[in-house]
Amino acid sequence: MINSKSIVNRIYSFLEPLFREPKKHLKTWLVILGVLVASWALVFFLRSPKVAEASWWDETWLYR
């Protein structure tokens, strides 16, 4: 069974070079940023809008 500490250590060892020399990995950071922005845009634009209803609206009124 794999414990959580070994998983965290694997993730850290994978990501550590990105934080040690960020200018060297500029393209990687730009790709990560692009994926985050694209996923936010996908969630934001593909949500179905809620229907707005005004409960006070009455079409039979001549004046409001």
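The values are calculated or read from the model by the stated rules, or taken from the named source; none is laboratory data. Note that the structure is a prediction, hence the values are computed from the model and not measured. Note that we place each Cβ from the backbone using ideal geometry, even for glycine, and neighbour counts take in every protein chain shown. Heavy atoms of the whole protein, side chains included, go into the accessibility calculation; ligands, DNA and RNA do not. Shrake-Rupley method; radii C 1.70, N 1.55, O 1.52, S 1.80 Å.
Counting Lys and Arg as +1 and Asp and Glu as -1 over every other residue whose Cβ lies under 13 Å from the Cβ of Ser13, the net charge comes to +2.
For the chain, the orientation-averaged shadow of the C-alpha convex hull comes to 10.3 nm² (one quarter of the hull surface). The accessible surface of the range 1-56, taken with every protein chain in place and a 1.4 Å probe, is 70 percent carbon and sulfur.
Can you give the charge dipole size of the chain about its Cα centre, rounded to the nearest 20 debye, using +1 on the beta carbon of Lys and Arg and -1 on the beta carbon of Asp and Glu?
For this selection, approximately 580 debye.
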